[in-house]
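In what follows, a single structure is set out as structure tokens and then discussed.
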Ligand SMILES: [Zn+2]
């Protein structure tokens, strides 16, 4: 959670600008800190790498969670992709943002995480050759790996 989240004048779920930060969001209705979201998802308002805010869950793919995100510094909408292979990891977001690896699966997670990272890097190299990529990033955090791109 951001320390100065109360000064953040955007909805932490849909990232619409809010006039009154204490009222529910006029655009999406989001109000509470953590409302009936699927158990493993990072709660809205979580900040990654000091700049990327996690918002609304978008979709779950094989080993990935996709979130709507926000670039705090540049004020841009993002898509945040988190590597989350449920066969090897779990998470209790009420306790930590870190993923917890099942015992004995550490090397599988390590390998999968590295593959996810390499895939993101390769994708970045490919698209940056053919189009102007405004913003992309990939990094390790919370015992897993993330991939970020600007949402068009
Ligand atoms: Zn909203």
* Asked: Can you tell me which residue in region 37-57 is surrounded by the most Cβ atoms within 10 Å (Cβ to Cβ), limited to those that are more than 15 Å from the ligand (Cβ to nearest atom) and at pLDDT below 90?
  -> 40
* Could you check, for region 9-16, whether at least one of its residues is in a strand (DSSP E or B) and under 26 Å from residue 111 (Cα atoms)? => no
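For every residue, the table says whether it meets (1) surrounded by 10 or more Cβ atoms within 10 Å (Cβ to Cβ); (2) at pLDDT 90 or above; (3) away from the ligand (no atom under 12 Å from the Cβ).
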{"residue": "2", "(1), (2), (3)": "yes, no, yes"}
{"residue": "10", "(1), (2), (3)": "yes, yes, no"}
{"residue": "28", "(1), (2), (3)": "yes, yes, no"}
{"residue": "31", "(1), (2), (3)": "yes, no, no"}
* Asked: Here are 99, 93: which of them is within 14 Å of the chain's Cα centre (by Cα) and more than 21 Å from residue 137 (Cα to Cα)?
  -> 93
* When only residues in region 12-26 that are touching a residue at least 40 places away in the same chain (Cβ under 8 Å) and within 6 Å of the ligand (Cβ to nearest atom) count, which is farthest from residue 76 (Cα to Cα)? -> 13
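The values are calculated or read from the model by the stated rules, or taken from the named source; none is laboratory data. Since we're looking at a predicted model, the values are computed, not measured. FYI the Cβ positions are ideal-geometry reconstructions off the backbone, even for glycines, and counts take in every protein chain you see.
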